[in-house]
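Notes to accompany the following structure.
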Amino acid sequence: MFILKNISLKPYNTFGLDCKADCVIKIRSESEAVKLFTGKHSLSKPVLFVGRGSNLLFIGDFRGTIIIPGLRGIRIEKRYKDTVIVSAGAGVEWDKLVEWCVEKGFGGIENLSHIPGSAGAAPVQNIGAYGVEIKESVVRVRTISCIDGSVRIFSNNECDFSYRNSIFKTREKGKFLVTRVFLKLNLHPAFNLNYGSLEAEVQRLGGVNLQNVRQAVINIRRTKLPDPSVIGNAGSFFRNPVVSRSVSEILKKDHPQMPCFEDPSGGQKLAAGWLIEQCGWKGRRLGEAGVHEKQALVLVNHGNATGKEIFDLSEKIRKSVLERFGVVLEREVEAVGAI
């Protein structure tokens, strides 16, 4: 266990915001987590769990304790005739896990390639891309209670997954530290290529297989999304809004080119990036905070933006979309700190 005091959070958030935290604790094993939550450590409140900070916007300095789970290791837990159970420590880089599974011939998460973040954060956020969500593969999530240090295992149903959401972001937020994630993957995968230009890119690469699907996703994401190591960002800043079918039909009459998709809820999912672009935000910049020139769904730090400046920009965008389309955008990125 490493305990660091009053340090910069710049290496721990993909926006590259140079905020400070009162305390950062890095945990390398479940036993360290148990010791932390049952020992004599007095944790400065609030407590925030951070993987790689790829879904966080620090509004300012964090006056509390940040806990970073660094548990490693990927392993095969069980093999069946057509499926396999794979587990990964919470600190494993998510894309390294996807790469490992694809190399082994295990299908199910290849569409989630090149998503920044850690394996432990994946079920918390219920990450998704190209028609696939992690909830489709999660079998269970192993956690440590922050109250008494006990182990609790959440089944898929108990995780209460929804669009970019889970129980770990709602009623159990901050109560359990994810230590290991268990995924059920397929030895004979059925591929999901019905999203955007994915199928065309897969065919361009030579046909349908796990490696080509993964590479196609990587290629497409690289053309649309900026690299956080080059320009600070947290990927998609807003959720795609879901509206009723009647609202969607009204909007379609005024905007025939508006993309919309069927949602499992029975409503229609709109493309937040398209709505933002129609309001003239794509490529715009307010000081050091801006909207990416290739993808309006991504807000960026051009170098020295503060979290407050990026947050204020997001509020201006939300207001303009609401005024023009009557649609409320919700942030996918979590804003942390006083607003």
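What's the longest bit of the chain with no exposed trypsin sites (Lys or Arg not before Pro), using DSSP loop states and at most 14 other Cβ atoms within 10 Å as the test?
Formally, the longest exposed-site-free interval is 176-293.
For the range 2-69, give the magnitude of the charge dipole about the Cα centre (Cβ charges: +1 Lys/Arg, -1 Asp/Glu; no others), in debye to the nearest 20.
It comes to approximately 120 debye.
Can you tell me the equivalent ellipsoid semi-axes for the range 2-69? Use √(5λ) from the Cα gyration tensor, largest first, whole Å.
Details: eigenvalues 89, 33, 16 Å².
Taking √(5λ) for each Cα gyration eigenvalue gives 21, 13, 9 Å.
Please compute the contact order of the chain in relative form: average sequence separation of alpha-carbon pairs under 8 Å and at least six residues apart, divided by the residue count, as a percent. Before the final figure, lay out the partial values.
Numbers: 726 pairs, mean separation 58.3, N = 339.
That works out to 17 percent.
Based on DSSP H runs of at least 4 residues, each adding -39500 (n - 2.57), what is the mean residue ellipticity at 222 nm of the chain after dividing by all its residues, to the nearest 500 deg cm²/dmol?
That calculation yields -7500 deg cm²/dmol at 222 nm.
Quick check: residue separation of residue 8 and residue 152 times 0.36 nm, minus the Cα distance between them. What number comes out in nm?
48.6 nm
Can you list the equivalent-ellipsoid semi-axes of the range 59-218, largest first and in whole Å, using the square root of 5 times each Cα gyration tensor eigenvalue? Write down the numbers at each step before the final one.
Working: eigenvalues 166, 62, 38 Å².
Its equivalent ellipsoid spans semi-axes of 29, 18, 14 Å.
Eight or more residues apart or on different chains, and alpha-carbon atoms under 27 Å: count the Lys pairs in the range 27-116 matching that.
On the way: 35/45; 78/96; 78/104; 81/96; 81/104; 96/104.
For the range 27-116, the number of qualifying lysine pairs is 6.
Treating each Cα of the range 226-336 as an identical point scatterer and ignoring solvent, apply the Debye formula and state log10 I(q)/I(0) at q = 0.14, 0.16, 0.22 Å⁻¹.
Log10 I(q)/I(0), no solvent term: -0.55, -0.70, -1.17.
What is the dipole size for the range 74-223, taken about its Cα centre, with +1 at each Lys and Arg Cβ and -1 at each Asp and Glu Cβ, in debye to the nearest 20?
Dipole of the range 74-223, to the nearest 20 debye: 320 debye.
Find, among the chymotrypsin sites (Phe, Trp or Tyr not before Pro) in the range 2-91, those assigned to loop by DSSP (not H, G, I, E, B) with at most 10 other beta-carbon atoms within 10 angstrom.
Loop-located and lightly packed - 80.
Using only the alpha carbon atoms of the chain, find the Kirkwood hydrodynamic radius as the inverse mean reciprocal pair distance, in angstroms to one decimal.
Roughly 21.0 Å, rounded to one decimal.
How big is the C-alpha Rg of the range 232-289 next to the rule-of-thumb value 2.2 N^0.38 Å, as a ratio?
Rounded to two decimals, the normalised Rg is 1.31.
Taking the Cα centre of the chain as the origin and placing charges on Cβ (Lys, Arg +1; Asp, Glu -1), which of 236, 162, 37 is farthest toward the positive end of the dipole?
My answer, from the dipole projection, is 37.
Report the calculated FRET efficiency for residue 29 and residue 223 (r = Cβ-Cβ distance, R0 = 30 Å), to the nearest 0.05.
The value I calculate is 0.15.
Taking the inverse of the average 1/r across all pairs of different Cα atoms in the range 52-144, what Kirkwood radius in Å do you get?
Here the Kirkwood hydrodynamic radius works out to 14.3 Å.
In nm, what is the difference between 0.36 nm times the number of residues separating residue 170 and residue 277 and their Cα-Cα distance?
Full-extension gain reported as 35.5 nm.
Starting from the Cα of residue 18, step 7 Å toward the Cβ, then list every residue of the range 47-84 with an amide N under 18 Å from that point.
58-62
Bear in mind these aren't lab numbers, they're just calculated from the coordinates by the rules spelled out. Since the model is a prediction, treat every value here as computed from it, not as a measurement. For neighbour counting, all protein chains shown are included, and Cβ atoms are generated from backbone atoms with ideal geometry for every residue, glycine included.
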